[in-house]
Structure formats: structure tokens, C-alpha cells
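Since the structure comes first, as C-alpha cells, the remarks are kept for the end.
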């Protein structure tokens with residue numbers, strides 16, 4: 001299969017990839033806010049309302065957890081296009097596209113022309129990349145800064161030009177402004193490990209460039225200093241709670257405590273479909289290291305790049321599934337190089353490319369049969385599949401695609417396998433989006449958006465029995481623009497942070513406010529809230545409910 005056209009028309013292919021990706025990624029942005037993304041749409045909104053671009057606010061309380069770079073960008077988007085959830089989601093998608101571009105450029109710098117579009121396409125066709133782009137978030141921004149800094153470090157080592165080292169410091173600074181010290185620790189960890197493995201640790205002094213350090217300081221210090229002056233307790237909370245506490249699993253008001261085993265399972269599954277080619281990636285590392293020379297150097301660099309985030313997030317007690325995306329760039333750069341060699345017929349181990357699709361087809365048809373025969377089995381209920389119908393459709397499609405790709409690869413009909421794979425990934429994204437929509441009724445806004453908009457013009461106070469971070473309070477704030485009280489329920493842990501403590505009200509305070517205002521809106525678990533209101537002998541009207549959450553209009557009997 002001749003692929004010289006790929007190298008000769010790299011920019012055109014790149015443009016086509018991003019155009020097609022836009023048709024898949026952007027149509028799903030105009031939806032109500034989900035709880036999981038609520039803080040990322042609400043913080044920029046409060047930034048504009050308060051006209052405070054130094055101190056982020058969440059739920060009208062100072063938010064010390066994340067630096068403001070991504071919030072600034074979304075707030076500018078709100079200024080330009082209005083305060084809408086699709087603006088925050090579109091900016092997250094643009095970060096994903098920028099990251100795909102950086103991955104492609106890095107692949108091109110390391111392995112030559114033609115690899116770049118393959119690497120970018122592989123990233124955009126990864127399941128977790130698409131899933132994470134459905135919400136607003138900041139992880140793509142962080143990974144972009146880390147990827148850019150790592151790429152600049154590689155170029156500095158290869159070409160020895162100081163400008164790349166200074167860009168390295170520039171992206172380190174932006175990484176800090178995106179997610180704190182993690183944006184510095186990950187790139188530096190990759191650099192140090194690579195220098196150690198290649199016996200170049202004594203060259204560490206070459207990284208100490210005065211202009212580069214000055215650029216870093218000018219990016220990092222102004223906001224940090226102004227934030228510390230305005231908020232004397234900021235640095236203590238930011239360092240102890242957000243960084244040390246996150247590592248040891250004692251982060252205040254956090255629910256992001258994924259067990260390591262579950263995290264690794266998610267990281268593997270969400271790397272679909274490229275997890276099928278993990279043996280090829282590992283074989284590439286082994287072969288190139290054994291070969292020596294520049295190939296060994298490149299593989300060691302990519303291994304360090306993958307290993308450091310894998311190690312840090314595996315060891316950290318505070319993590320969520322999408323942190324696994326930090327490992328994707330180096331793995332996909334390696335895979336894109338192997339794909340290029342395969343298409344050039346320089347990598348002839350056909351079974352490694354073909355048989356994963358046969359395995360996928362067999363697993364798909366077996367799962368389909370089990371789903372049809374034992375749809376009420378305990379394991380099916382444990383998986384909490386949002387839509388059995390779409391699960392069956394996906395499994396049938398996976399069986400057909402896997403079979404066609406396997407046969408076409410075995411018979412060396414590469415064009416058919418590529419077209420089938422592209423069609424299968426579009427089908428996969430469609431199924432993923434339908435699953436997402438089916439699962440949406442369990443979340444925040446499908447049942448409540450209109451009511452919350454009406455609550456915005458009412459004078460009644462609003463109480464929510466959910467924790468304020470990674471929960472429903474920010475969703476309510478986004479639609480109503482009002483301060484929401486957090487109604488403390490039995491067993492709730494009150495955060496140590498004083499400003500957030502003031503959001504909480506006990507039952508006695510709730511009754512006092514209710515007597516003063518006559519009526520109030522209360523949002524919480526329907527069953528628990530009915531029992532709670534009954535114990536307080538309060539009159540209520542259930543305005544709306546979805547799954548286990550209800551909206552109540554409460555008054556004194």
C-alpha cells in the first residue's frame with residue numbers, strides 16, 4: 001500500500017481529520033449541565049459576575065482548589081458568546097483538538113513526516129477522549145501544557161537551541177496555572193527519569209536557563225502573589241489540602257477516591273480501541289531499546305513519559321478515571337509509528353494486527369448472547385448499563401466490524417480494514433453518546449432545568465442536601481444565580497475549610513430560615529428528603545423527580 005501521499009499532503013490530511021472530528025464532537029455540546037461538570041461551567045460564570053479574575057469562586061465561596069487559567073478562557077468565551085454550557089464544552093473540545101495537534105507534532109519531530117496525522121487521529125478516536133469531551137473540564141488543558149513542555153524539552157535535547165528550552169519553561173508555567181504543582185511535577189519527573197536512564201543526569205545544569213526561569217517566574221508568580229495577598233489562607237490550603245492531601249487521600253470535600261485496581265481497569269478499558277494493540281506498543285519499546293542508537297533513545301523517552309503519570313496517579317489515593325489520559329500521548333505516538341511501518345510493509349507481524357479484532361468479535365458475540373439470555377443476572381445489574389438496547393446494538397456492530405477487519409487484514413485488504421475501522425469508530429461514538437443520553441436521566445438537569453430557571457425569579461431560599469463539590473449545588477447556582485444552602489443530613493461530613501462550612505445549615509437553622517421566608521425550595525434524595533421533612537412536620541409539594549432526586553416546595557404547616 002503506497003502511502004507517500006500521506007507525507008506529501010500531511011497538512012491537508014490533518015485538516016480533514018479535524019474537520020471530520022468536529023462533525024462528531026461538537027453536535028453534542030448543547031445540553032443542560034451535568035453535576036460532574038457543574039463547577040467548570042459555574043466558576044467562570046461567578047468570575048464574570050463578581051468581576052474578580054484573581055480569586056475563583058464556586059457556589060459563591062472562594063475556591064482555592066484549582067488555579068484560574070482554564071476558568072479565564074471559559075470566562076472570555078462567556079463574554080464573547082454568552083453564558084451557556086455549550087461554550088464551556090466547546091472550549092474543552094478545542095483543548096482536545098490542540099492536544100491532538102501537539103501529539104501529532106511530537107510524533108512528527110520524533111519519527112518524521114506522515115506519522116503526525118495518524119497520531120492525531122488515534123488520539124481523537126480514543127473512547128475516553130470522546131467521553132471526556134462531552135462535558136466541560138480542564139484535564140485536556142493540563143495534558144496539553146504537559147505535552148507541549150515535554151515536546152519542547154525533546155527538541156532542546158535534539159537541536160540544542162535555547163528557544164526550545166525557554167518554551168519548555170513557558171509551558172511549565174501554564175501547566176501550573178492550569179492545575180497547580182502537578183503541571184510542573186509531571187514534566188520534571190519525565191525529564192529527570194529520562195536523564196537518569198540515559199546517563200545524562202550531569203547535564204541537568206544545561207536546563208538552568210536564566211531567561212527561561214524568568215519566563216516561568218513571570219507566568220507563575222503574579223497570580224500566586226496577588227492571590228496570597230488577597231487571601232492569606234490560600235497557600236496553606238492550596239499546598240496542604242490540594243496537593244499533599246490529594247496524594248494521601250485526605251483531600252477536603254473530595255469524592256475522587258478511585259481504588260487503584262478500579263482506576264487501572266478504567267484506564268485500560270477507556271483506552272479502547274488502542275488497548276487491543278498494547279502488545280504492539282510494548283513490542284515496539286522492547287525492539288527499539290534492544291536495537292540501540294537513536295531508536296533506543298526515543299523509546300526510553302516515551303517510556304518515561306508514560307511511566308511517570310502512571311506511577312503518580314496509581315500511587316495517589318485521590319484520582320478519577322480520566323487521569324489515565326495522561327498516559328495516552330506517548331503510547332499513541334509509539335503506535336502511530338508502528339502503524340506507519342505496517343502500512344509501509346516494514347512491520348510484517350500480521351497476526352499482532354489482525355487477531356485482536358478476532359478476539360473482539362468473539363467477545364462481542366459471547367457478550368451479546370449472555371446479555372440476551374441472562375439480562376437479569378447480578379453482573380449485568382452491577383455494571384449498571386444505562387441502555388440494554390444500545391449495548392446490544394454496540395455488541396452486534398463490534399462483532400461485524402471485528403470480523404470484517406480481521407478478515408481484511410489477514411488477506412491484506414488494508415484499504416477495506418481502514419474504511420471499516422473508521423466507520424466502526426463513528427458507530428462506537430454514536431453508541432457512546434446514546435448511552436450517555438440514557439444515563440442522563442440519573443443525573444442533574446433533564447428533569448429540572450425549567451424549574452430552576454423559574455426558581456431564579458422567586459424570593460424563596462434554596463436548600464440542597466448534596467455535597468458542594470462534584471455535586472448538584474453548582475448546577476443549581478448556574479441556573480438560578482442564587483446562593484444555595486447545603487442542608488446537613490445525618491452522617492454528612494462538614495468540610496474543614498471555614499468558608500465552605502458557612503454554606504451548611506443544621507435542621508434548626510433550616511427551620512428558622514423557613515419560618516422567616518414562609519416557603520423554600522429543597523433538592524435532595526427523594527426518599528430521604530420525604531422522611532426528613534416528615535420528621536420536621538413540614539408541608540411539602542414534590543415539584544419534579546428523576547431517579548432518586550426530587551425538587552420540593554416546602555412550607556410550615
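Odds and ends about this structure:
- The angle between the Cα long axis of helix 507-517 and the longest principal axis of the Cα atoms of the chain comes to about 70 degrees, rounded to the nearest 10.
- In degrees, nearest ten, helix 38-50 long axis to first principal axis of the chain (Cα): 70
- Per-peptide average of other Cβ atoms within 10 Å, ordering 112-123, 191-202 highest first: 112-123, 191-202
- Highest average first, the peptides 135-147, 533-545 ordered by how many other beta carbon atoms sit within 10 Å of their residues are 135-147, 533-545.
- Relative contact order (percent, whole number), the chain, Cα cutoff 8 Å, 6+ residue spacing: 15
- Peptides 52-61, 478-487 ranked from most to least packed give 478-487, 52-61, packing being the mean of other C-beta atoms within 10 angstrom over each peptide's residues.
- Helical contribution to [θ] at 222 nm, DSSP H n ≥ 4, -39,500 (n - 2.57), averaged over the chain, rounded to 500: -20500 deg cm²/dmol
- Nearest-0.05 FRET efficiency for residue 518 and residue 315, computed from C-beta distance (R0 56 Å): 0.60
- Seen against the Cα atoms of the chain and their longest principal axis, helix 414-440 is set at about 10 degrees.
- Here the relative contact order of segment 350-440, from alpha carbon pairs under 8 Å that lie six or more residues apart, stands at 39 percent.
- Once the chain from residue 427 to residue 15 is taken as fully extended at 0.36 nm per residue, the excess over their C-alpha distance is 146.1 nm.
- Note on residue 72/residue 221: beta-carbon distance plugged into 1/(1 + (r/R0)^6) with R0 of 22 Å gives a FRET efficiency of 0.85.
- Structural descriptor for segment 7-134: relative contact order 29 percent, calculated from alpha carbon pairs under 8 angstrom and at least 6 residues apart.
- The label-point distance for residue 369 and residue 418, in a model that sets each label 7 Å from Cα toward Cβ, rounds to 3.6 nm.
- Whether segment 77-157 is rounded, prolate or oblate, judged on the alpha carbon gyration tensor where a/c under 1.5 counts as rounded: prolate
- Dimensionless Rg over Rh [segment 283-377; C-alpha; Kirkwood]: 1.12
- Compactness of segment 449-556 is given as radius of gyration and Dmax, 12.9, 34 Å, from Cα positions.
- Using the Cβ-Cβ distance between residue 536 and residue 504 with R0 set to 25 Å, the FRET efficiency from 1/(1 + (r/R0)^6) comes to roughly 0.90.
- Taking the DSSP bridge list for the chain and keeping only pairs wholly inside it, about 70 percent are antiparallel.
- Of 286, 277, the sequence from fewest to most neighbouring Cβ atoms within 10 angstrom is 286, 277.
- Calculated translational diffusion coefficient of the chain (25 °C, 0.890 mPa s; Stokes-Einstein with Kirkwood radius over alpha-carbon pairs) equals 96 µm²/s.
A short reminder: the numbers here are calculations on the coordinates, not readings from a lab. On a predicted model such as this, the values are computed, not experimentally measured, just so you know. In this analysis, Cβ positions are derived from the backbone assuming ideal geometry, glycine residues included, and neighbour counts consider all displayed protein chains.
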